[in-house]
Every structure is written in structure tokens, then in C-alpha cells.
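Novice: Below you will find the structure I want to go over with you.
The values are calculated or read from the model by the stated rules, or taken from the named source; none is laboratory data. Only a predicted model underlies this, so the values are computations on that prediction, with no experimental measurement involved. Positions of Cβ are backbone-derived with ideal geometry, glycine not excepted, and every protein chain shown enters the neighbour counts. Areas reflect the complete protein model, heavy atoms only, side chains present, ligands, DNA and RNA absent. Shrake-Rupley method; radii C 1.70, N 1.55, O 1.52, S 1.80 Å.
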Amino acid sequence: TRVGVDAKAVIKDALTIDLTVNPDFSQVESDEPQVTVNQRFEVKFPEKRPFFIENSGYFETPQNLFFSRRVADPGVGARLTGKMGGWAIAGLAVNDEQAGRAVSEGDPRAGKSALISVVRLQREFAGQSHVGAIFTDREFGSSANRVYGADARWRLNDNWSATGQWVGSQTIDVAGKGRNGTSWSADINREGRNFDYSGSFTSISPDFRTELGYIRRVDMRQLQQDVDYTWHPEKSRVLSFSTKVEGNALWDF
């Protein structure tokens, strides 16, 4: 049995601070069954713990760089979220006690906690446009994983929008050896009564790592194109009919 303590404070009706100590998630709804055997990529189970669900949208970016299920057993956590002067602000600091139990007894990190921090800033503009930045850090003994990136969304007009993100990562293993990687994506979309278009390009280098995110694979470049056209006949029993063309290319580095 765990005895948890939770607290909340609001600053100037704009920023919310949430604190948790030794949280008890025993009453959280169980995960829906999924097939996990012989899967090519990691299976994703959605977050259901209240502390991580509340205001989770503040940490979202085009690429999933903070997946809260990576924090298995938080001991102490603090979160800051809110909006001030056109800025959306989010910060999280938490320790994960499970990390020290998951390594072998001979590992110098055994019994220690992983220290996790996430910072997200987003400047919002009229017309559903924004620019933003994110930083995540997981420190566990002498090993570390740091991810930093910038993103933007432009609403070009009522139909067209474009989204882009660039991310870099630095990973240091227990021996002190480091490696760096990059990931970037670009999307352009059009939505209308007749013509819809979606195009995207994603590039993730072989050494890119995000221990706090959910990236299904690395060492890939992918180009996707979807085009839809819909006709709406007048004075006809047929309300609409459409055609669709899709194209997809995937290759490694």
C-alpha cells in the first residue's frame, strides 16, 4: 500500500502547479488488451494515470517526444502548465524509481532513480498558427539522453496549412560514450469541399534516440502523398462520389 500526497496551486489565474509525492495508481483503469507477440515495432499503450493525463496537451509536438508512460514509477513529481501573454508554458520534473530496479545488481545505477525533466514553450498567433520549442532530459547515473527541438505550424489560409519540426538528440551511455542524431518532419495539408491533399516527409537518422518519446523506428526516410477529389452532383440521388490516389516511399539512410 502506498500513501500518496497531491497538491495544486494556481498563479495569477494563468499558471497551474501540480505536485505529487509517492502517487498511488493502483485504482487506475487497466490497459486494453493488445497483441504484443511477434510485433515488428513497440506496441503503444495510452496513458491513463491522472497526474500525467491532466494538461498533457501542453507537451504535444508534431513528433511524439514525450510519452509519459516512459515514467514507470514516479516518486516525486512537479508540473507547471498555463498560458501567459500569448505563450503556452509547460514544465515537468519527476524521478522514476523503477529505473534503478530494472538494472542488474552489479550495475552502479542499481537502486538509483532516473531524473526526468521536460520543458515546452509555444508562441501562439492568430489563425491557429504557432512556433514552439521542446527540451527533454533523462539522467540515470552516468548515462543520459537529451532531446531538443523546434517546431512551427502556419495556417496559410482557410484551406492550406503547413507544419514542420526539427529535433536533435544526444545520448551518453554508462561508459561515457556519446552519439548524436537528428529527426525532422514536414507536412502540408489542404482541406476543402472538393479537393483534399496531404503530403509529408520524415527523416530520422540511425543514431537518433528519445528515451522519453515514442518513435517507432529510426534509420528511415519516408515520403507520403494523398490526394482526394470529391464531386457533389446537383439534382441527383447520388450525394457525392470521390476518387483517391495514395503514394508512399520508405528507405533507410
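Novice: For region 60-101, give me the residue count where each residue is under 25 Å from ALA126 (Cα atoms) and open to solvent by 40 Å² or more (accessible area, probe 1.4 Å).
Specialist: Matching residues across region 60-101 total 9.
Novice: Residues in region 95-116: is at least one within 24 Å of GLY164 (Cβ to Cβ) and within 21 Å of the chain's Cα centre (by Cα)?
Specialist: no
Novice: Now for a different question. Here are the criteria: (1) under 15 Å from GLN128 (Cβ atoms); (2) open to solvent by 50 Å² or more (accessible area, probe 1.4 Å). Tell me which single one PHE195 does not satisfy.
Specialist: (1)
Novice: Across region 237-251, what is the total count of residues that are part of a loop (DSSP other than H, G, I, E, B) and surrounded by 10 or more Cβ atoms within 10 Å (Cβ to Cβ)?
Specialist: 1
Novice: To continue, here is another question. Select from region 115-153 the residues that are polar (S, T, N, Q) and part of a strand (DSSP E or B) and list them in ascending order.
Specialist: SER117, GLN122, SER129, THR136, SER143, ASN145
Novice: Just need a number here: residues in region 215-235 that are part of a loop (DSSP other than H, G, I, E, B) and surrounded by 15 or more Cβ atoms within 10 Å (Cβ to Cβ).
Specialist: 2
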